[in-house]
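J.: Here it is: the structure, laid out below.
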Amino acid sequence: MNNGVQQNLESRVTQIERELAEIKAILVLKKGDDLPWWERIAGRWEGEEFDEIVEEIRKNRQKDHEAAVRAANAREAKAKHSRKQRTPIHKR
């Protein structure tokens, strides 16, 4: 084999080995991600910060609930109105 070709291959193999070592290091760091999401985030927030987050979530859920109720009431009123508009065939 040509000396230049051999050096090129050795250089490429060295680069691949370096990159493989980096990938292995990343995979080792990712091992901790095997935990369920609730265990990974447990203890992140404490005290008032946690209470504020819970309150914001509660407010958003309440707004979503109110919007859903309004939409359902509007659909129900529209359906009721359209039923009133129809005259039964036997009464025509």
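Just so it is clear, none of the values below were taken in a lab; they were calculated from the coordinates. Treat the numbers as computed from the prediction; the structure is a model and nothing was measured. A quick note on method: Cβ atoms are made from the backbone with ideal geometry, for glycine too, and the neighbour counts reach across all protein chains shown.
J.: Would you mind checking the tilt of helix 3-30 against the longest principal axis of the Cα atoms of the chain, expressed as 0 to 90 degrees and rounded to 10?
T.: The answer is roughly 40 degrees.
J.: Residue by residue through the range 45-61, which ³J(HN,Hα) values in whole Hz follow from phi under the Karplus form 6.51 cos²θ - 1.76 cosθ + 1.60 (θ = phi - 60°), with glycine and proline marked x?
T.: Listing the rounded values in order: 10, 9, x, 4, 4, 5, 4, 5, 4, 4, 5, 4, 4, 4, 4, 5, 5 Hz.
J.: Rounded, prolate or oblate: pick one for the chain, where a ≥ b ≥ c are the square roots of the eigenvalues of its C-alpha gyration tensor, a/c under 1.5 means rounded, and failing that, prolate if a/b is larger than b/c, else oblate.
T.: oblate
J.: For the range 67-81, in order, what is each residue's ³J(HN,Hα) by Karplus, 6.51 cos²θ - 1.76 cosθ + 1.60 with θ = phi - 60°, in whole Hz (x at glycine and Pro)?
T.: 5, 5, 5, 4, 5, 5, 5, 5, 4, 5, 5, 5, 5, 5, 5
J.: Gain in length, Glu66 to Glu22, computed as 0.36 nm per residue apart minus the alpha-carbon separation, to one decimal in nm?
T.: 10.7 nm
J.: Around Arg18, with a cut-off of 15 angstrom between Cβ atoms, what is the net charge of the other residues, counting Lys and Arg +1 and Asp and Glu -1?
T.: Residues near Arg18 contribute -2 overall.
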